[in-house]
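Novice: Structure below; questions to follow.
Derivation of every value follows stated rules applied to the coordinates shown; laboratory data play no part. Computed from a predicted structure; not experimentally measured. Glycine gets a Cβ as well: all are built from the backbone with ideal geometry, and neighbour counts include every protein chain shown.
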Amino acid sequence: MIKPLFVMIIVSVALSGGCAMLPTRQGEPSAPAYQVGDRGPSGGTVIHDKGVLSDQWRYIEAAPLDLDYSMNWFFAREEALQWEHGGYEDWRLPTLEELRGMYELRETIGAFSRHGYWSASEDGVTRAWEIRFDAGQETSAYKYTYSRVRAVRAF
């Protein structure tokens, strides 16, 4: 008798995470499948799905809240890397592209201020990119300027 290599598990939307289950090898636990806009494992919002698991990640999750206060880019980068939330310690500043995704999903993610948010994307030695969440304006700001921080994590 030939055993199937994969077992397809069909699950309706899970109440706790709002996600379905991916097919897995027989005998292995199933992995959740997320869509952009779903709540991620830390309680944040999934803002990107690259479609396949590679380099040990598939999704990008935006934190559900800002770090405590505005800060310059250097401090923001370090604080994001040190931040712990939802049982996870693998947070970082978003790239400019990821920050654009957060802006597009700002109503779903919620709790954004109207001010600028730092990205990890640099514009030379003295500047980095930020997006103002009141109008979506992308600005190359001096790294010593104070802006808000919303961290992301890959999973």
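Novice: Evaluate the distance, in nm, between pseudo-label points positioned 7 Å from the Cα of residue 90 and of residue 135 along their respective Cα→Cβ axes.
Specialist: Taking the two extended label points, one gets 3.8 nm.
Novice: Work out the charge dipole of region 62-154 with +1 on the Cβ of Lys and Arg and -1 on the Cβ of Asp and Glu about the Cα centre, then indicate which of 75, 88, 115 is farthest towards its positive end.
Specialist: Value computed over the given set: 115.
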